[in-house]
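S.K.: Structure provided below as structure tokens; questions to follow.
Read-outs throughout are calculated quantities, based only on the coordinates presented, and are distinct from any laboratory measurement. Keep in mind it's a predicted model, so treat the numbers as computed, not measured. Positions of Cβ are generated from backbone atoms using ideal geometry, with glycine treated the same way; all protein chains shown enter the neighbour counts.
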Amino acid sequence: MFNIKFINPSRRDLLKQLVAFGAMGAAGGVITSQAQTRDTSFVQRGDEQYNALRSSSLWRSNIPQRYPDIIVEATEIDDLSNALEFAKENDLQVVCRASGHSTAGAPLRNGGMMIHVNRMNKVTINENARTATVEPGVTMAGLFGAASQYGLDFPTADCSSVALTGFILGGGFGRNCMHLVGGPVCNALLSADVILATGELVTVNENSHVDLFWAMRGCGPAFFGIVTSMTLQLFDPPGAYFASTYRYSFDELPALVEFLDNHSARQDPRVSSRISIQPNPNNHADSIAQVRLTAFADPGPPAENQALELLAYYADAGLSENAFEKNEFEELQLGTYMMTTDPAAGTHTDNVFTDDTSSILAASHLMQSRPEGFSIHLDIGHNHQYYPSTGDNNAYSAAGRHFLTTYIDWTDTTPERNALAYEWADRFAEVASQYGEGNYLNQVDTGLYPERIRQSFSTESWEKLGQVRQQYDPDNRFFSYVKENA
Ligand SMILES: Cc1cc2nc3c(=O)[nH]c(=O)nc-3n(C[C@H](O)[C@H](O)[C@H](O)COP(=O)(O)OP(=O)(O)OC[C@H]3O[C@@H](n4cnc5c(N)ncnc54)[C@H](O)[C@@H]3O)c2cc1C
């Protein structure tokens, strides 16, 4: 282990008090620093609290067998500075954890220091500037709730408990983002405050630390600094939000893909279309194909008509013809967009961008042989040039005509059941490797599939990312991408 250099004998009383309050295990530690105004407590391996804290670090129960040396729970910026200083003194690598939704389990590493920032969750809305400044632990629900009090909106993820920090760092696919920001949601990041590896707190935006700002917008779960706050552009909420859903037998899939392909060039960015391959509720061995269209109209009085017209385009073109069930033109409330997931369940997700339509059929056929007792879905996002790269403005650089995502959820998380889930996941990964042209890195288990890290970036972005990392973190103080499946 390492020496705890910052434990100051004069702080022993404080430590005893913390233990008495049950705030720390008997072997917990306190980081004191001359430079800061407060002490910061931490938990280390072997402490009473360590196991609970470690296993709640990820938002799922199937967590990798990786064990950080130290876990810090930050509540203020000073905690972040103290923790980084301590890590440097003790030569520990550092990673931050916001809401722990990373598919790779990126905040959970072997050795080093994990800093939980989820308690730093203040949102400040600037109504005139139409911006929100969020601390690093703020979740989708936190921002949505605060912005809507001012009649403003943000293109959130579809899960209320996901934190904005990891979402933005990875690019961020959010509601209506093609229309609002012309690509991934990181385009709505205006500015951020970041503690660098040197310990300096800097503001990062289009005019200051420009390359670091570029990296923040899409580098994925391996940022080389500590984000202490982000300022985000807010938007008017859509004037209306409508959806149409059509269900078909599985063998209609090729025709559906062809239909959406033929219409994708004319697809309005306010409409998102998605084919989901789902279990047939009446026969587990079989699957059905569901097409869901969602339309977000511009604000203003003709909104309802506009949303209906956007959806009617597809109905008029014959999308509903072979559906065995349809639910058209359903008005929805914005608050219902987000769901919550069960952190006690096992989950796995994977994805691939591809221009090759045969990939859809290959992946869909896997659905016909999914193991029983698992909820396995395959979604095919069908926008033309789904979430395109926006050139030089950000590190995010994956795109493709089709975006295939698979989700596996299971409740019995014994090692045998986990292994079965990962076996199926490997078969999807094989399809991805055959047809893939890139991935959305935020939702890839890079411990299982480390080759996908490089594949998530263009050559230019990847090379530049390496240079910017070297410039800002030459000693590798911050953990890079997860590449181990321990
Ligand atoms: C149920 C579910 C639904 C999802 N839905 C969507 C969706 O609709 N759209 C979408 O785009 N994505 C979605 N995701 C993926 C999600 O965007 C990523 O998993 C994202 O990384 C989660 O962010 P987080 O803040 O929880 O990251 P964490 O898992 O907490 O951390 C991931 C990485 O972010 C970095 N990080 C976190 N905090 C800081 C900080 N303060 N400073 C520096 N670096 C930091 C670290 O490198 C860390 O390893 C979903 C995930 C789940 C589990």
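S.K.: Put a dot 7 Å past each Cα toward the Cβ at Asp78 and Ser61; how far apart are the dots in nm?
M.R.: It is 4.0 nm.
S.K.: I would also like to ask the following. Could you tell me which residue out of Ser244, Asn282, Ala399 lies farthest along the dipole of the chain toward its positive end? Charges go on the beta carbon: Lys and Arg +1, Asp and Glu -1, centred on the Cα centre.
M.R.: It is Ala399.
S.K.: As a test of the formula, what do you get for the chain when each DSSP H run with n ≥ 4 contributes -39,500 (n - 2.57) and the sum is divided by the residue count, at 222 nm and rounded to the nearest 500 deg cm²/dmol?
M.R.: -8000 deg cm²/dmol
S.K.: Using the crude model of +1 on Lys and Arg Cβ and -1 on Asp and Glu Cβ, and no other charge, please compute the dipole size for the stretch 123-236 relative to its Cα centre, in debye to 20.
M.R.: Charge dipole of the stretch 123-236: 180 debye, to the nearest 20.
S.K.: Further question: Looking at the stretch 123-236 from every direction and averaging, what is the projected area of its Cα convex hull in nm²?
M.R.: With the hull built on Cα positions only, its mean projection is 6.5 nm².
S.K.: Using Cα centres only, tell me the gap between the stretch 194-244 and the stretch 81-145 in whole Å.
M.R.: Result: 12 Å between the Cα centres.
S.K.: Could you give the distance between the Cα centres of the stretch 421-447 and the stretch 254-307, to the whole Å?
M.R.: Measuring centre to centre over Cα atoms gives 24 Å.
S.K.: So what are the stretch 240-455's ellipsoid semi-axes, whole angstrom, largest first, if each one is the square root of 5 times an eigenvalue of the alpha-carbon gyration tensor?
M.R.: Gyration-tensor ellipsoid for the stretch 240-455: 29, 21, 18 Å.
S.K.: Suppose every K and R has +1 on its Cβ and every D and E has -1 on its Cβ; what is the size of the dipole of the chain about the Cα centre, in Debye to the nearest 20?
M.R.: It comes to approximately 1320 debye.
S.K.: Taking other Cβ within 10 Å of each residue's Cβ, how do Leu164, Leu232, Leu311 sort, fewest first?
M.R.: So the residues, fewest neighbours to most, are Leu311, Leu232, Leu164.
S.K.: If you don't mind, there's one more thing I want to ask. What angle, in degrees between 0 and 90 and rounded to the nearest 10, separates the Cα long axis of helix 303-316 from the longest principal axis of the Cα atoms of the chain?
M.R.: 60 degrees
S.K.: Rounded to a whole number, what is D in µm²/s for the chain from Stokes-Einstein with the Kirkwood radius over alpha-carbon pairs (20 °C, 1.002 mPa s)?
M.R.: 91 µm²/s
S.K.: Run the simple label-point estimate for Leu201 and Gln470 please: 7 Å along Cα→C-beta, distance reported in nm.
M.R.: The modelled label-to-label distance comes out at 3.2 nm.
S.K.: Now, a different point. Based only on other Cβ atoms within 10 Å, what is the fewest-to-most ordering of Tyr241, Tyr407?
M.R.: Taking fewest neighbouring Cβ atoms as first place, the list is Tyr407, Tyr241.
S.K.: Separate question: Please express the shape of the stretch 379-479 as an equivalent ellipsoid: the semi-axes are the square roots of 5 times the eigenvalues of the C-alpha gyration tensor, given largest first in whole angstrom.
M.R.: The three semi-axes for the stretch 379-479 are 28, 20, 11 Å.
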